[in-house]
Amino acid sequence: MEFNTFCHLNIWRVCTKMRIWTVLLLLLLLKSDVIVVYCGSGYLVGLGSYDITGPAADVNLMGYAKIEQVASGIHLRLRARAFIVAASKGNRVVFVNLDACMGSQIVTTKVIERLKARYGEMYTEKNVAISGTHTHAGPGGYLQYFLYIITSYGFVRQSFDVIVDGIEKSIIQAHENLRPGSVFVDEGELLDAGVNRSPSAYLNNPASERSKYKYDVDKEMTLLKFVDDERGPVGSFSWFATHPTSMGRRNSLISGDNKGAAARFMEDWFEEKDSGRMDSDVVGNDGLPQRISNIIPGLRDNHHELLELAFSFQSPPGRPVTKSSSVTRRVRGAPRNVDKPRFVAGFCQSNSGDVSPNVLGAFCVDTGLPCDFNHSTCGGRNEFCYGLGPSYPDEFESTRIIGERQFRKAADLFNAAAEEIEGEVDFRHAYIDFSKLEVTISDQGVDKVVKTCPAAMGFAFAAGTTDGPGSFDFKQGDDKGSHFWKLVRNLVKTISKKQIDCQHPKPILLDTGEMNIPYDWAPSILPIQILRVGQFVILCVPGEISTMAGRRLRDAVKTVLSSHKDFEKVHVVIAALSNAYSQYATTYEEYQVQRYEGASTLYGPHTLNAYIQEFKKLAKALISGEPVETGPLPPDLLDKQVSLLPPVVVDGTPFGVNFGDVYSDVPQNSTFTSGDIVTVSFWSACPRNDLLTEGTFALVEILQGKDTWVPAYDDDDFCLRFKWSRRFKLSPMSKATMEWRIPQGVTPGVYRISHFGAAKGLFGSINHFTGSSSAFVVLI
């Protein structure tokens, strides 16, 4: 007898609201071969996912602000993942998780414009949240404020368009997938995926407050599990605080970093679990999932026979193909079950402002000694102080480890989730001018009014962090600033005494809130937002927030909500980097220390108190059912954007060579095993010509039968890397290199590696092509 339950993964679960006669009826049906239990909650649930991978060449990677860190290939594709929960006769909310450095005001604005054009007032800025994971390995140039696009040579329309398109399409998918369903929640500790990178600032918080917490970072992961009443589980979204900075500032491959890896692992895990093949055939020795597409029945196990077969497939010349060829050949195309969409797993960001995934701690790479505790320097300079990942110096392996740890915890919570979300769906949203907001605070029991300041960045901002050190002689914990850099600063803009006093003790390096040439350098007006699904509440913060700052914000909102009977047991999570970007928010005490996070807290020492005050207003409106004022609208600066990134002029190959021809092949009669690296290079063209959205630049194929090649791995797999390079700077000739690190548990057989691309002709035409390597043998 097979017993399937779509309300929960346990063997047996009966909905708490079922009447006694329903339970008795189910017991009578135990003689049946299959029992399916449906559990309705009054919600409609839908999930969607779409490719947002930007230009894999020439464009600066957003996060470390290093102008020389330019994309040159793909490690993992980036995606927008969305869920919609709608009350069957009422409100609905949308949450989008982006494999991107942060949310962007202009991206949010244009997505909402498209949604309104399609759906009217069903989806607006009030009930749609767009949150970035904070990967530092995604193409930049998609924010509208000048400071954030300097290193990308201005606005990059291609980066912007693919993100807006992908968000819109993920929401459309989620909307079209809306069906009756349920939502469950669970929480649990994940202890080994983050450490505090600014402990000296954290220690400046009151001892009485610190004593309430076991750790100096939040170790709690919270997960929502989405279940279709008929189809069963369709996705999960989890919130956990750690920076996606496992990939360092020298990396040049596009990647979702540890959170993108976790999402890929979990989505593959569930697809295999759901297929009923979650056994040794589909789980590698490293415990990570191996896809069903690789499990080809009837493979030959005779090595000599495999070699003969492989020898018959020599590398063919590159050839033209259609634009859609790479889409149809990718591994994760249409779902195997046409009646059920692919599982979607979002790994979302929380209060990670001071949390690093480099869990071995910060050390001086020149001496091996620990960095200075207060300033994160080595011999007085910051350049050699680095946080070390769990597999230092291999950043890819560190990314895998931290991603796998998040995936495993999420899978545990997914399997155990038993608390059902019940209650209303609601939301509140407001725009707030943070440059001059009056904030009421308590000073030794007496209320007083203070104000936030126009945005400004301190000297310690230029020092960077242990995840990505800065340059020159800047250092963290600097509340004075050097005379030399003050002279340089004053050449750009002289700071008023009022601003200096307002931002004290921050020594101002860049007065971004009062700089507007060629247009605004930093935001003043920010969106804040609360989404509610039953007893689950999401606080959408338009920036990064430190551990203790996040705790204070959550507790303040919980206190307001707990006064209402519907919130006797409430789960409150912070979704950082949502809808816009305004850098950091630390506690008042952390701000005094002026480490990187405090120096990047734009609106002065009372920034956190401003957030708490305004979120409490939204929470009160939420429980009272009252509306809130919209507030002043942020500017739309799209028409003012400057772009200095040169276009692709033309691609070329040597005389007699086709695009897609093999540049460097595998050796003849090659045999590889798990752990080996197979490398093949092709004559290629600039990846900016076509992003191959929902397609792939790289493909590993396995031979089925005599002449059928089946996709096995593509450039959205952790084990396959696509690298692109020009022969020399400004050369029209380029090559693409595929590196396949053969995973544990790989299916033995005959393989080849293929490449897809698009070349730009002399008169601007785009011509798609493909090429394949000679075949080779892989054994266990």
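Output the qualifying pairs, or none if there are none: Cβ atoms under 9 angstrom, residues six or more apart or on different chains, first residue in segment 431-444 and farther than 18 Å from Ala580 by Cβ, second residue outside any loop (DSSP other than H, G, I, E, B) and among the basic types (Lys, Arg).
Glu438/Lys451; Val439/Lys451; Thr440/Lys448; Ile441/Lys448; Ser442/Lys448
Evaluate the following for Asp501: is it out of contact with any Gly (no Cβ under 8 Å at 6 or more places or on another chain) and either open to solvent by less than 80 Å² (accessible area, probe 1.4 Å) or under 26 Å from Thr245 (Cα atoms) (or both)?
Values: out of contact with any Gly (no Cβ under 8 Å at 6 or more places or on another chain): yes; either open to solvent by less than 80 Å² (accessible area, probe 1.4 Å) or under 26 Å from Thr245 (Cα atoms) (or both): no.
Criteria not met by Asp501.
If Ser562 meets every condition in (1) among the hydroxyl-bearing types (Ser, Thr, Tyr); (2) over 24 Å from the mean Cα position of the chain (by Cα); (3) over 27 Å from Lys475 (Cβ atoms); (4) open to solvent by less than 10 Å² (accessible area, probe 1.4 Å) apart from one, which number is that one?
The number of the failed condition is (4).
For segment 344-367, which positions are farther than 15 Å from Asp257 by Cα, of a type outside the set (A, V, I, L, M) and in contact with a Pro (Cβ under 8 Å, 6 or more places away or on another chain)?
If the condition is that a residue be farther than 15 Å from Asp257 by Cα, of a type outside the set (A, V, I, L, M) and in contact with a Pro (Cβ under 8 Å, 6 or more places away or on another chain), then Gly361, Phe363, Cys364 are the ones that fit.
If you check Gly660 against the conditions, is it assigned to a loop (DSSP other than H, G, I, E, B), farther than 14 Å from Ser326 by Cβ and of a type in the set (Gly, Ala, Ser)?
On the way: assigned to a loop (DSSP other than H, G, I, E, B): yes; farther than 14 Å from Ser326 by Cβ: no; of a type in the set (Gly, Ala, Ser): yes.
No.
Determine whether Arg489 is of a type outside the set (Gly, Ala, Ser), open to solvent by 10 Å² or more (accessible area, probe 1.4 Å), out of contact with any His (no Cβ under 9 Å at 6 or more places or on another chain) and closer than 25 Å to Leu437 by Cβ. Steps first, answer last, please.
On the way: of a type outside the set (Gly, Ala, Ser): yes; open to solvent by 10 Å² or more (accessible area, probe 1.4 Å): yes; out of contact with any His (no Cβ under 9 Å at 6 or more places or on another chain): yes; closer than 25 Å to Leu437 by Cβ: no.
Spelling it out, it is not the case that Arg489 is of a type outside the set (Gly, Ala, Ser), open to solvent by 10 Å² or more (accessible area, probe 1.4 Å), out of contact with any His (no Cβ under 9 Å at 6 or more places or on another chain) and closer than 25 Å to Leu437 by Cβ.
Do the conditions hold for Ser352, that is, is it at pLDDT 95 or above, of a type in the set (Gly, Ala, Ser) and touching a strand residue (DSSP E or B) at 6+ places or on another chain (Cβ under 8 Å)? Don't jump to the end; show me each part of the working.
On the way: at pLDDT 95 or above: yes; of a type in the set (Gly, Ala, Ser): yes; touching a strand residue (DSSP E or B) at 6+ places or on another chain (Cβ under 8 Å): yes.
Judged against the criteria, Ser352 is a match.
Could you tell me which residue of segment 64-96 is farthest from Arg400 (Cα to Cα), considering only residues that are part of a loop (DSSP other than H, G, I, E, B) and open to solvent by less than 30 Å² (accessible area, probe 1.4 Å)?
Filtering segment 64-96 down to residues part of a loop (DSSP other than H, G, I, E, B) leaves 64-69, 75-78, 88-91.
Keeping just the survivors that are open to solvent by less than 30 Å² (accessible area, probe 1.4 Å) gives 64, 66, 69, 75-78.
On the way: Tyr64: 20, Lys66: 24, Gln69: 21, His75: 11, Leu76: 11, Arg77: 15, Leu78: 16 Å.
Filtering segment 64-96 for residues that are part of a loop (DSSP other than H, G, I, E, B) and open to solvent by less than 30 Å² (accessible area, probe 1.4 Å), the one farthest from Arg400 (Cα to Cα) comes out as Lys66.
Would you mind telling me which numbered condition in (1) more than 30 Å from Gly423 (Cβ to Cβ); (2) open to solvent by 20 Å² or more (accessible area, probe 1.4 Å) Gly120 fails?
Here Gly120 meets the rest and fails (1).
If I filter segment 121-129 for residues that are assigned to a helix (DSSP H, G or I), more than 17 Å from the chain's Cα centre (by Cα) and among the aromatic types (Phe, Trp, Tyr), do I get at least one hit?
Taking segment 121-129 as the starting set, the residues that turn out to be assigned to a helix (DSSP H, G or I) are 121-122.
Filter once more, keeping what is more than 17 Å from the chain's Cα centre (by Cα): 121-122.
Remaining after also requiring among the aromatic types (Phe, Trp, Tyr): none.
Checked against the condition, which is being assigned to a helix (DSSP H, G or I), more than 17 Å from the chain's Cα centre (by Cα) and among the aromatic types (Phe, Trp, Tyr), segment 121-129 yields no hits at all.
Okay, residues lined up against (1) over 23 Å from Ile525 (Cα atoms); (2) of a type outside the set (A, V, I, L, M):
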residue	(1), (2)
Gln105	no, yes
Ala117	yes, no
Val128	no, no
His136	yes, yes
Pro139	yes, yes
Ser152	yes, yes
Asp161	yes, yes
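Evaluate the following for Phe347: is it of a type in the set (Phe, Trp, Tyr), assigned to a loop (DSSP other than H, G, I, E, B) and touching a helix residue (DSSP H, G or I) at 6+ places or on another chain (Cβ under 7 Å)? Steps first, answer last, please.
Numbers: of a type in the set (Phe, Trp, Tyr): yes; assigned to a loop (DSSP other than H, G, I, E, B): no; touching a helix residue (DSSP H, G or I) at 6+ places or on another chain (Cβ under 7 Å): yes.
So Phe347 does not fit the description; no.
Which count do you get for residues in segment 378-399 that are open to solvent by 10 Å² or more (accessible area, probe 1.4 Å) and either charged (D, E, K, R) or touching a helix residue (DSSP H, G or I) at 6+ places or on another chain (Cβ under 9 Å) (or both)?
Within segment 378-399, the first condition is being open to solvent by 10 Å² or more (accessible area, probe 1.4 Å), and the residues that meet it are 378-381, 383-384, 386-388, 390-397.
Narrowing the set further to residues that are either charged (D, E, K, R) or touching a helix residue (DSSP H, G or I) at 6+ places or on another chain (Cβ under 9 Å) (or both) leaves 381, 383, 388, 390-392, 394-395, 397.
Qualifying residue count, segment 378-399: 9.
What about Asn358, is it at pLDDT below 95 and either part of a loop (DSSP other than H, G, I, E, B) or open to solvent by 20 Å² or more (accessible area, probe 1.4 Å) (or both)? Lay out the reasoning, then the answer.
Numbers: at pLDDT below 95: no; either part of a loop (DSSP other than H, G, I, E, B) or open to solvent by 20 Å² or more (accessible area, probe 1.4 Å) (or both): yes.
It is false that Asn358 is at pLDDT below 95 and either part of a loop (DSSP other than H, G, I, E, B) or open to solvent by 20 Å² or more (accessible area, probe 1.4 Å) (or both).
For segment 616-628, indicate whether the set of residues that are assigned to a loop (DSSP other than H, G, I, E, B), small (Gly, Ala, Ser) and touching a Gly at 6+ places or on another chain (Cβ under 8 Å) is non-empty. First the steps, then the outcome.
Here is the first cut: in segment 616-628, the ones assigned to a loop (DSSP other than H, G, I, E, B) are 625-628.
From what is left, the residues that are small (Gly, Ala, Ser) are 625.
Okay, now just the ones that are also touching a Gly at 6+ places or on another chain (Cβ under 8 Å), so none.
No, segment 616-628 has no match at all.
Buried (at least 23 other Cβ atoms within 10 Å of the Cβ) and closer than 28 Å to Ala86 by Cα: which single residue out of Ile167, Ile172 fits that description?
Working: Ile172 fails: buried (at least 23 other Cβ atoms within 10 Å of the Cβ).
The unique qualifying residue is Ile167.
Can you list the strands (runs of 3 or more DSSP E) lying wholly within segment 371-480 that have 3 or more residues being more than 23 Å from the chain's Cα centre (by Cα)? Don't jump to the end; show me each part of the working.
Details: elements: 385-388, 425-433, 438-443, 446-451.
So the answer is 425-433, 438-443, 446-451.
Name the residue, out of Gly403, Gly477, Gly481, that is open to solvent by less than 60 Å² (accessible area, probe 1.4 Å) and closer than 30 Å to Phe718 by Cβ.
Values: Gly477 fails: closer than 30 Å to Phe718 by Cβ; Gly481 fails: closer than 30 Å to Phe718 by Cβ.
Selected residue: Gly403, the only one of Gly403, Gly477, Gly481 that is open to solvent by less than 60 Å² (accessible area, probe 1.4 Å) and closer than 30 Å to Phe718 by Cβ.
Which condition does Gly550 not pass, out of (1) surrounded by fewer than 23 Cβ atoms within 10 Å (Cβ to Cβ); (2) under 25 Å from the mean Cα position of the chain (by Cα); (3) assigned to a helix (DSSP H, G or I), if it passes all the others?
(1)
Can you give me the number of residues within segment 589-627 that are open to solvent by 50 Å² or more (accessible area, probe 1.4 Å) and touching a Leu at 6+ places or on another chain (Cβ under 6 Å)?
Final tally of qualifying residues: 0.
What number of residues within segment 97-113 are among the hydrophobic types (A, V, I, L, M, F, W, C) and in a helix (DSSP H, G or I)?
Of all residues in segment 97-113, those among the hydrophobic types (A, V, I, L, M, F, W, C) come to 98, 100-102, 106-107, 111-112.
Keeping just the survivors that are in a helix (DSSP H, G or I) gives 106-107, 111-112.
Residues meeting the conditions: 4.
Taking segment 423-474, which residues are more than 30 Å from Gly625 (Cα to Cα), open to solvent by less than 20 Å² (accessible area, probe 1.4 Å) and either out of contact with any helix residue (DSSP H, G or I) (no Cβ under 6 Å at 6 or more places or on another chain) or of a type in the set (A, V, I, L, M) (or both)? Before you say what the answer is, go through the steps one by one.
At the first step, the residues of segment 423-474 found to be more than 30 Å from Gly625 (Cα to Cα) are 443-446, 453-474.
Filter once more, keeping what is open to solvent by less than 20 Å² (accessible area, probe 1.4 Å): 453, 455-460, 463-470, 474.
Passing the criteria: Ala455, Ala456, Met457, Phe459, Ala460, Ala463, Gly464, Thr466, Asp467, Gly468, Pro469.
Write out, first by first residue and then by second, each pair whose Cβ atoms fall under 8 Å of each other, whose residues are 6+ apart or on separate chains, and whose first residue, in segment 556-578, is without any contact (Cβ under 8 Å) to a residue 24 or more places away in the chain while the second is of a type in the set (Lys, Arg) and crowded, with 17+ Cβ neighbours inside 10 Å.
none
Somewhere in segment 679-687, is a residue open to solvent by less than 60 Å² (accessible area, probe 1.4 Å), within 16 Å of Ala759 (Cβ to Cβ), of a type outside the set (S, T, N, Q) and part of a strand (DSSP E or B)?
There is at least one residue in segment 679-687 that is open to solvent by less than 60 Å² (accessible area, probe 1.4 Å), within 16 Å of Ala759 (Cβ to Cβ), of a type outside the set (S, T, N, Q) and part of a strand (DSSP E or B).
Conditions (1) open to solvent by 10 Å² or more (accessible area, probe 1.4 Å); (2) modelled with pLDDT of 90 or more; (3) among the basic types (Lys, Arg), marked per residue:
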site: Asp228; (1), (2), (3): no, yes, no
site: Pro244; (1), (2), (3): no, yes, no
site: Asp257; (1), (2), (3): no, yes, no
site: Trp269; (1), (2), (3): yes, yes, no
site: Lys273; (1), (2), (3): yes, no, yes
site: Ser280; (1), (2), (3): yes, no, no
site: Ile296; (1), (2), (3): yes, no, no
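The values are calculated or read from the model by the stated rules, or taken from the named source; none is laboratory data. On a predicted model such as this, the values are computed, not experimentally measured, just so you know. All Cβ positions, even for glycine, are placed from backbone atoms using ideal geometry, and neighbour counts span all protein chains on display. Surface areas here come from the heavy atoms of the whole protein model, side chains and all, with no ligands, DNA or RNA. Shrake-Rupley method; radii C 1.70, N 1.55, O 1.52, S 1.80 Å.
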